[in-house]
Amino acid sequence: MAEALAGATALEERMKYQFTDKDLLRRALTHPSYGQEDRKSEHNQRLEFLGDAVLGLVVAERLFAELPQEREGALTRFRSMLVKGNQLCQLARELDLGSYLRLGDAEEAQGGRDRDSILEDAFEAVVGAIYLDGGLEATRQVAREIYGEIETRLDRQTESHNPKGRLQELLQPTLGNESIEYRLVEESGPDHLKHFSVEVWIEGTCKGEGSGPSKKLAEAAAALDALEKMPVQN
């Protein structure tokens, strides 16, 4: 079995959090494949379940506090961008989380340390472990440290998903590049707390709306709204 927990002090240093109960950290870093080979070891699936819920809460709290002009729909979209899929994999890789995982030999041989699904689950499990070890406020502080500036994270996720590019690729073959227009319909708030509302128009018809703390995010949200409203192509 692949045991990589010994150097996990470096992981604690990266998160700026020291566990009181080291067994919680050990469990969070233990993949089910390790538990299959060592029946005495508890794996991280239950902590993953808890961490998913806690992470959703602390990110929602922060969005609610830092983006007071955004409506529920935009906040929901931003939260999803920050707590799901490739974002959690990215955060896990920034922490070098894969290096500390306890994996079964077969999983290790198959490259499990860098598998997206394993990294995502382990990240959520670590969040759950921090919550049990230090409480909600400690989890808030660690999440703030790991995520950094929320708007910067959202910008990176927008670039990764690229809804504007996807919309253009979908329409360009039949309508051309000039068929899409993004219109700024509202800009409000002081410089440190801006709010933008944008519509995307396709051949003279409004097909999507979006808002965000930057024009870039608002345009991306409008493009995503248009994509979601389009009929599914068979």
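The values are calculated or read from the model by the stated rules, or taken from the named source; none is laboratory data. These numbers were taken from a predicted model, which means no experiment stands behind them. Neighbour counts are summed over all protein chains in view; Cβ atoms, including those assigned to glycine, are modelled from backbone coordinates with ideal geometry.
Structural remarks
- In the stretch 59-71, the residues that are in a helix (DSSP H, G or I) and more than 14 Å from the chain's Cα centre (by Cα): Glu61, Phe64, Ala65, Glu66
- Annotation for the stretch 191-199: no member residue is of a type in the set (Phe, Trp, Tyr), modelled with pLDDT of 90 or more and over 20 Å from Glu72 (Cα atoms).
- Where a residue in the stretch 8-22 is acidic (Asp, Glu) and its partner, wherever it lies, is assigned to a helix (DSSP H, G or I) and surrounded by 14 or more Cβ atoms within 10 Å (Cβ to Cβ), with Cβ under 8 Å and at least six apart: Glu12/Leu25; Asp21/Leu132; Asp21/Asp133
For every residue, the table says whether it meets (1) of a type in the set (Asp, Glu); (2) crowded, with 20+ Cβ neighbours inside 10 Å; (3) under 14 Å from Glu12 (Cα atoms).
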{"site": "Asn86", "(1), (2), (3)": "no, no, no"}
{"site": "Leu97", "(1), (2), (3)": "no, yes, yes"}
{"site": "Tyr100", "(1), (2), (3)": "no, yes, yes"}
{"site": "Asp105", "(1), (2), (3)": "yes, no, no"}
{"site": "Leu119", "(1), (2), (3)": "no, yes, no"}
{"site": "Ala129", "(1), (2), (3)": "no, yes, yes"}
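- One residue alone among Gln69, Gln45 is in contact with an Asp or Glu (Cβ under 8 Å, 6 or more places away or on another chain) and surrounded by fewer than 21 Cβ atoms within 10 Å (Cβ to Cβ), and that residue is Gln45.
- Of all residues in the stretch 76-105, exactly one satisfies the criterion of being closer than 18 Å to Glu61 by Cβ, over 8 Å from the mean Cα position of the chain (by Cα) and of a type in the set (Ser, Thr, Tyr), namely Thr76.
- The lone exception for His195 - which of (1) in contact with a strand residue (DSSP E or B) (Cβ under 8 Å, 6 or more places away or on another chain); (2) closer than 18 Å to Arg156 by Cβ it fails: (2)
- When Glu169, Glu186, Glu219 are checked against the criterion of being assigned to a helix (DSSP H, G or I), among the charged types (D, E, K, R) and surrounded by fewer than 17 Cβ atoms within 10 Å (Cβ to Cβ), Glu169 stands alone in meeting it.
- Within the stretch 202-216, considering residues that are under 25 Å from Ser160 (Cβ atoms) and part of a strand (DSSP E or B), the one nearest to the chain's Cα centre (by Cα): Gly212
- Test result for Glu209, loosely packed, with under 13 Cβ neighbours inside 10 Å, out of contact with any Cys (no Cβ under 7 Å at 6 or more places or on another chain) and not assigned by TED's automatic domain parsing to the domain that holds Lys84: no
Rundown of residues vs (1) at pLDDT 95 or above; (2) of a type in the set (S, T, N, Q); (3) touching a Pro at 6+ places or on another chain (Cβ under 7 Å); (4) within 30 Å of Asp225 (Cβ to Cβ), yes/no style:
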| site | (1), (2), (3), (4) |
| --- | --- |
| Thr9 | no, yes, no, no |
| Leu29 | yes, no, no, no |
| Arg39 | no, no, no, no |
| Leu55 | yes, no, no, yes |
